[in-house]
1. Once a ≥ b ≥ c are taken as the square roots of the eigenvalues of the Cα gyration tensor of segment 180-320, is the result rounded (a/c under 1.5), prolate (a/b larger than b/c) or oblate (a/b not larger than b/c)?
2. Find how much the distance from Phe166 to Thr264 grows on full extension, using 0.36 nm per residue of separation minus their present alpha carbon separation; answer in nm with one decimal.
3. For the chain, what does the helix formula give at 222 nm: sum of -39500 (n - 2.57) over DSSP H segments with n ≥ 4, over the residue count, nearest 500 deg cm²/dmol?
4. Just to be sure I understand: with springs between alpha-carbon atoms less than 10 Å apart, which residue in Ala395, Ala361, Ala206 has the highest mean-square fluctuation in the Gaussian network model of the chain?
5. Evaluate the distance, in nm, between pseudo-label points positioned 7 Å from the Cα of Glu246 and of Leu99 along their respective Cα→Cβ axes.
6. Once Rh is set to the Kirkwood radius over Cα pairs, what Stokes-Einstein translational diffusion coefficient, in µm²/s, holds for the chain at a temperature of 37 °C and a viscosity of 0.692 mPa s?
7. Normalised by the residues of the chain, what does the relative contact order come to in percent, with Cα pairs under 8 Å and at least six apart?
8. How large is the charge dipole for segment 61-178, taken about the Cα centre, if only the Cβ atoms of Lys, Arg (+1) and Asp, Glu (-1) carry charge, to the nearest 20 debye?
Amino acid sequence: MNTQAVMSASTVRAPPIFMLGMLSALGLFATNIYLPSLPAIADALHTTTSGAQTTVTVFMLTFAVAQLLFGPITDRYGRRRVLVAGLFIYSAASIAGMLATDIQSLIVARCVQAVGACSAAVIARAIVRDVFDGLAIFRAMAVVSAFMAIAPGLMPAIGGLLQDTFGWRANFAFVSMLGVILIVWAIVSLRETTRETTASLSLRSAMQSYFELIGSWRFFAPALLGGLPFGGVVAYFAGGPIVFIEHLGLAPWQYGLVPAFGATGVALGSITVNRMTGRASTQSMFAIGATFLFSGALAMLLLALSGYFTVITIVVAATVYLYGMGILIPAGTSEAMRHVAPVMAGRASAMTGFLQMLMGALGAFVVSVLPHLPLLGFPLVMMGMGATAVVVLFAYRPRQQQVVRINARDRLTFDIPPRL
């Protein structure tokens, strides 16, 4: 570990939570805004709806894997300059997506776009760990996580309006401009928040760190609880356009309003975490979140099987699921991250993000390979994620909390912090 601090603790200044929320949600912005355009993209690029949905799946997979690269990079070189480079990649790839003339070039653009977007998500969570401690991490992460679901929930409304007014390419132009705005902010206003950097950057050290994190149930279980809801919500967003537009007859701009209603559930979940922080145990937060997640998923599946799929019933069931998600994501991510030393924040952030996007990619993949079952695709994924969350909840019984640290030889050790 590099003994020279990049910035002393006394001089670390917390960036605006609003901007950290924007950074953490950048990848979901890029995906959710063009969901109402999936049928139009399929027509314009002469592919099937399943082919257009592949652009969602490859984005999630690339996003998940690339985070594991950015974790060690930002621990070694700091947050600010890595973020600026990632945002440049994101904006350039968004322009390439806007100019795509076939589905293959769009898929490539989406892969590169995911690489840039994942740097923002990794660094946003790492900055939270850099500048907050203890219960403050829960409150900060609740706000950041709310952006990851509330703001993307509003993106389809913007995307539907852009689709009806200018066509699907306007969605990529919009997110490219958003990337440029964030670049300007990062260059002008963001200060380095890393207090210490690791001494070296090697594949062996990075892989060893990740295996140690996975092997620590105290880290992995809450990180997984924070990741599972993504599988269901990405499946819901990926399969939603087919159900709402093609089967229930909504116009793209009307469908764009649907996720905004569900975002209410995430907002209420984040408020619940803020209210419960310091008053109830993390295990209680997990129990409430998993219960609502499972209940919403079960309701969605029963509605699909019974033939009572309407706009209202789908939105109500999704809102229940999203309320559980609004609790589990900040609670799970915070519980995992707060027991990690700041010098490990980048890698821990990358692993939590990897789990989230891996679940998201799995959800999108299941929906894309079940085009013949459009009404059952996303309910089945939501049910699977909800049931798994309940299993993990019962298996997770925290006793002593461990802080993951890294010593001078880049090997992980575990310290026991005081209870909060």
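1. The shape class here is prolate.
2. Working: separation 98, 0.36 × 98 = 35.28 nm, distance 2.83 nm.
Stretched out fully, the Phe166 to Thr264 stretch lengthens by 32.4 nm.
3. Working: 16 runs with 306 residues, N = 420.
Here the helix-only value at 222 nm equals -25000 deg cm²/dmol.
4. Result for the chain, Cα springs under 10 Å: Ala395 fluctuates most.
5. Simple spin-label model gives 3.1 nm for this pair.
6. On the way: Rh = 21.1 Å.
For these conditions, the coefficient is 156 µm²/s.
7. Once divided by the residue count of the chain, the mean separation gives 27 percent.
8. Values: 9 positive and 5 negative charges, 60 e Å.
Computed charge dipole of segment 61-178: roughly 280 debye.
Computed from the coordinates by the stated procedures, all read-outs in this text should not be read as laboratory data. If you're wondering where the values come from, they're calculated on a predicted model, not measured in any experiment. No Cβ is skipped: glycine too gets one built from the backbone with ideal geometry, and neighbour counts run over all protein chains shown.
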